Amino acid sequence: MRPTLSGIEEALAEAGGVDAPRERAGRLRSLLARELEHGAAELLLARSGYEHPVIVAAAARADGLIAVAPVKPGLRADPDAVEERAWLLVAALLGALVEASSPGELTAGLFDGHLALHVAARDTDAELVPLAFEEQVAPVDRLRARAIAVPAGVLEDVADLRAPIGAAHPLLVALEVARLGGRPADPASLAEHEDAVLAVLEAAQPAVSRPHDDPDPSRRVARRILQRLDGMGKWGGYHTDFSHLARGFAGNDRALADEVGEALLLAGLLAEKPSVGQRHVFLNPRRAADIRGLIERGDVPAGLSLP
């Protein structure tokens, strides 16, 4: 059974939906602000949106689709700025924006203290976003959320749109997964498209050096593991099963990859996600400088003892 409409959905229907007259924009903007505050509080709970769904909103502009979600705007610069469920909500929203358009550049900004996303596109239809979002967000555990399409005037105060910081930012990874027809909030879909996404990102960002050419076997494996995780944006919002660290290695290097993975965890370059049933790991944002140094130059940081 479909949940009862929220206040803003009722007001939208009464005002004429995305074709609501401009004089209704102020009222709708106030209702959306309340929904975003509610959603931000809900995302801190063990189960989010069960009594009242978390709401995200999208609108069509002449230059593409704009959307807002009740998460911290700092995500644009720091993938570790939001909790996992908040990140997956954003990933699902981005997937819906891509599905409802033929997107070009992705930028992120601010709306009333919350994260805004913009995908450059032509011939967009914001009313397709709620339908696409319903499927995109379905795999996210312990979350009930809905997308609404609003008139462009409701989101006219979106500001400071800029590209996400870092060529392998999880937002850009999610964008590529969605462009390939995947669902960026679904771990299975992400894994299915991982190789293709990595190839796209590597082509867009020429390597500073080649970890594959490192003459030391353990260091070469460590650099390749970290390079792959970095290329897929595995900085907290996205994480991966520990057993996947050995993917792409053959023969004796597969067993060595498991040992190197344990060493990277012990040294703190990788961190472990305790909230999932399997053993999942991600790059430790607090060790970003050491991680980059090892990937790009082969500099082994203090505290890392490779097998």
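Every number here is computed from the coordinates shown, using simple stated rules; none is lab data. Everything numeric in this text was worked out from a predicted model, so none of it was measured. Cβ coordinates were reconstructed from backbone atoms using ideal geometry, including for glycine residues, and neighbour counts include every protein chain displayed.
Data for the structure
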read-out: Angle in degrees between helix 194-204 and the longest Cα principal axis of the chain, rounded to the nearest 10; value: 90 degrees
read-out: Descending semi-axes in Å of the stretch 1-67, equivalent ellipsoid built from Cα gyration tensor; value: 23, 14, 11
read-out: Where the Cα pairs of the chain fall when distances are cut into 10 Å bins, in %; value: 6, 27, 32, 19, 11, 4, 1
read-out: Computed [θ] at 222 nm, deg cm²/dmol, the chain (DSSP H ≥ 4; -39,500 (n - 2.57); rounded to nearest 500); value: -12000 deg cm²/dmol
read-out: Alpha carbon centroid spacing (whole Å) that separates the stretch 6-71 from the stretch 222-273; value: 39 Å
read-out: Selection from Leu115, Ala20, Val68, by position along the positive dipole direction of the chain (Cβ); value: Leu115
read-out: For the stretch 7-166, convex hull of alpha carbons as volume per residue, Å³; value: 98 Å³
read-out: Lys/Arg +1, Asp/Glu -1 at C-beta; the chain dipole; positive extreme among Val300, Phe242, Trp87; value: Val300
read-out: Unit charges on C-beta of K, R, D, E only; dipole of the stretch 7-166, Debye; value: 200 debye
read-out: Whole-number percent relative contact order across the chain, with pairs defined as alpha carbons under 8 Å at least 6 apart; value: 16 percent
read-out: Given charges at beta-carbon only (K, R positive; D, E negative), |dipole| of the chain in Debye; value: 460 debye
read-out: Mean Cα-pair separation over length for the stretch 7-166, i.e. relative contact order, pairs under 8 Å, 6 or more apart, %; value: 30 percent
read-out: Fraction in percent of alpha-carbon pairs per bin - 10 Å, the stretch 207-297; value: 17, 55, 26, 2
